[in-house]
1. Report yes if Ala115 is part of a loop (DSSP other than H, G, I, E, B) and among the hydrophobic types (A, V, I, L, M, F, W, C), otherwise no.
2. Quick check: is even one residue across segment 162-175 among the charged types (D, E, K, R), surrounded by 15 or more Cβ atoms within 10 Å (Cβ to Cβ) and within 30 Å of the chain's Cα centre (by Cα)?
3. Which of the residues spanning segment 112-163 are touching a helix residue (DSSP H, G or I) at 6+ places or on another chain (Cβ under 7 Å) and of a type outside the set (Gly, Ala, Ser)?
4. Can you name every residue in segment 92-109 that is surrounded by 13 or more Cβ atoms within 10 Å (Cβ to Cβ) and either at pLDDT 95 or above or hydrophobic (A, V, I, L, M, F, W, C) (or both)?
5. Which condition from (1) modelled with pLDDT under 55; (2) in a loop (DSSP other than H, G, I, E, B) is the one that Glu37 breaks?
6. Restricting attention to segment 137-161, and to residues there that are among the hydrophobic types (A, V, I, L, M, F, W, C) and farther than 30 Å from Gly100 by Cβ, which single residue is surrounded by the fewest Cβ atoms within 10 Å (Cβ to Cβ)?
7. Need pairs with beta-carbon distance below 7 Å; first residue closer than 11 Å to Tyr99 by Cβ and within segment 123-136, second part of a loop (DSSP other than H, G, I, E, B) and among the polar types (S, T, N, Q); sequence gap 6+ or separate chains.
Amino acid sequence: MINRKRALILIIIIGLLLIALIIYLVWFKNPKVTTPEVPTNPALIKPEISTNTPGTKPRNYQQYDISKEAPHELNANDLGKIGMNFAERFGSFSKQSNYGNIEDAKLFMTKDLAAWADSYALKLRSDHAKDTYYDIITKALSFKASGFDNKAGTAVITINTLRRESTEAVNNATAYSQNLTLNFVRVNNDWLINAAYWEKK
């Protein structure tokens, strides 16, 4: 009987010690959480980090008066690019489109060359009247300026082209290289083509 009382007292004492230990660990061992003081001096307050991305900020646009810019004068390189565009239009045509590309190329021509282009288109229609199909496609590859005189308003540009000629069907084509020499003249500040010569195949 006495042993039971001692055992019960011992269990109660151990339980109280455990409760005391838990209270000690919870209340006295955990560090106190302190709230940092907010400085009252505005000079000590750091600025907030901006959340704006560069794209959301208004840009400092400056007005630019293009009328004050000196007008661009065409040079040999510019004429070479014009010549390549012309060569592809002037050198590509077909019976099925009634040689319409030659008409489109007249935009780059002087009046004299445009008049000749009309007769050239008539000759092509006559030469291939009996053909059921006729087509030439021209691709400009490069150019060479062999003469450019800005003061005189004259220039000579040679265009290297690759041409494909079909006389029966699209799949039956002959490819060949052919140069086109263009004589440019300046007419009322516009550079126009006054002559066009295909080299012999």
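The values are calculated or read from the model by the stated rules, or taken from the named source; none is laboratory data. Predicted, not measured: the structure shown is a model, and the values here were computed from it. Cβ: placed from backbone, ideal geometry, glycine included. Neighbour counts: every protein chain shown.
1. Details: part of a loop (DSSP other than H, G, I, E, B): no; among the hydrophobic types (A, V, I, L, M, F, W, C): yes.
Criteria not met by Ala115.
2. Taking every residue of segment 162-175 in turn, at least one turns out to be among the charged types (D, E, K, R), surrounded by 15 or more Cβ atoms within 10 Å (Cβ to Cβ) and within 30 Å of the chain's Cα centre (by Cα).
3. Looking only at segment 112-163, we keep the residues that are touching a helix residue (DSSP H, G or I) at 6+ places or on another chain (Cβ under 7 Å), and these are 114, 117, 120-121, 138-140, 143, 145, 148, 155, 157, 159, 161.
Those that are touching a helix residue (DSSP H, G or I) at 6+ places or on another chain (Cβ under 7 Å) and of a type outside the set (Gly, Ala, Ser): Tyr120, Thr138, Lys139, Phe143, Phe148, Ile157, Ile159, Thr161.
4. Phe93, Ile102, Ala105, Phe108, Met109
5. Result: Glu37 fails condition (1) only.
6. Ala152
7. Tyr134/Thr167; Ile136/Ser92
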